[in-house]
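Here's the structure, in structure tokens; my notes come after.
Every number in this text was worked out from the coordinates using simple rules, so none of it is lab data. This structure is a prediction, so every number in the text was calculated from the model and none was measured. For neighbour counting, all protein chains shown are included, and Cβ atoms are generated from backbone atoms with ideal geometry for every residue, glycine included.
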Amino acid sequence: NAGVTQTPKFRVLKTGQSMTLLCAQDMNHEYMYWYRQDPGMGLRLIHYSVGEGTTAKGEVPDGYNVSRLKKQNFLLGLESAAPSQTSVYFCASSYIGGRGKEAFFGQGTRLTVV
Amino acid sequence: AQTVTQSQPEMSVQEAETVTLSCTYDTSESDYYLFWYKQPPSRQMILVIRQEAYKQQNATENRFSVNFQKAAKSFSLKISDSQLGDAAMYFCAYRPAGTASKLTFGTGTRLQVTL
């Protein structure tokens, strides 16, 4: 049982390069989220999705784009990476109803932009 | 906008003792969920405990319990009989019950457990 899987686990980018982070979940969850974690700032929401084909901005969306073409996948794109985007990125997913309201997390992606 | 505040950046507790981590939140919603997540050095986010706002009874999971004060918008985590494996970052999180709801985190409390 994979749960939430993030690809890649680590990445180093040069300023101006682009990349896509992939999040895949096998729990048939409606909600999916992308967070970034920085020291002393907790987890801040970048973008989220409440269902296939939908996306919405979170707290810190600038410099990122997302897509959810399939229910099980949520992609986070950086078109032109900047050093300020050096962070640990987490994907999460959750159900829309029932008791299972908690979010399940991937293992994170450590991204360094040099 | 909903906000979650954890005012203790770091806490320390001796093994076998009890520690309480604080969390307050701001919301105009009446129906919502509150969570405590643990993040050990492995970076994995692990759910510790969950509280549904419409339930007056405080949630308990083994050595972990919460003190949920809805009127005061307070949601503290008590860890009893602390163990070395409890050392981690602890995050408080809030989510309204409606659709299109966002999960909002506090800034975290780093818990050290000493011998």
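Return the Rg/Rh value of chain A, two decimal places, where both radii are evaluated on C-alpha atoms and Rh is the Kirkwood radius.
Ratio of gyration radius to Kirkwood radius for chain A: 0.96.
Whose amide H sits under 5 Å from the amide H of residue A:59, counting only residues 5 or more places off or on another chain, with H placed in the peptide plane?
Answer set, sorted by chain and number: A:45, A:46.
Can you find, among A:53, A:112, A:85, the residue sitting farthest towards the positive end of the charge dipole of segment A:1-113, where Lys and Arg contribute +1 and Asp and Glu -1 at Cβ?
Of the candidates, A:112 comes out farthest on the positive side.
Over segment B:73-115, what portion of Cα pair distances is larger than 15 Å, expressed as a whole percent? Intermediate results must be reported in sequence, preceding the final value.
Values: 496 of 903 pairs.
Cα-Cα pairs of segment B:73-115 separated by over 15 Å account for 55 percent.
Which parts of segment A:15-45 would a label at residue A:54 reach, counting a residue when its backbone N lies under 11 Å from a point 7 Å out along Cα-to-Cβ?
A:30-32
For every other residue with a beta carbon closer than 14 angstrom to the beta carbon of residue B:15, add +1 if it is Lys or Arg and -1 if Asp or Glu, then tell me the sum.
On the way: positive: B:63; negative: B:17, B:81, B:86.
It works out to a net charge of -2.
Under 5 Å between amide H atoms, partner at least 5 residues away or on a different chain: which partners does residue A:3 have, H built in plane at 1.01 Å?
Amide H neighbours of residue A:3: A:26.
What fraction of the Cα pairs in segment B:6-115, stated in percent, has a spacing above 17 angstrom? Working shown, then result.
On the way: 3056 of 5995 pairs.
That tail contains 51 percent of the Cα-Cα pairs.
So, counting K/R as plus one and D/E as minus one, what does the shell of residues with Cβ under 11 Å around residue A:37 add up to? Provide the component values of the computation, followed by the final result.
Details: positive: A:36, A:44, A:110, B:43; negative: A:38.
Summing Lys and Arg as +1 and Asp and Glu as -1 gives +3.
So, in Å, what gap is there between the alpha-carbon centers of segment B:15-30 and segment A:28-95?
Result: 26 Å between the Cα centres.
Run through all the Cα pairs of the protein assembly as shown and give the fraction in each 10 Å bin from 0, expressed as whole percent.
The distribution over the protein assembly as shown is 8, 33, 35, 20, 4, 0, given as percents.
Name the lysines eligible as straight-distance cross-link partners of residue B:78: C-alpha to C-alpha under 16 Å, and not fewer than 8 places from it in the same chain.
B:38
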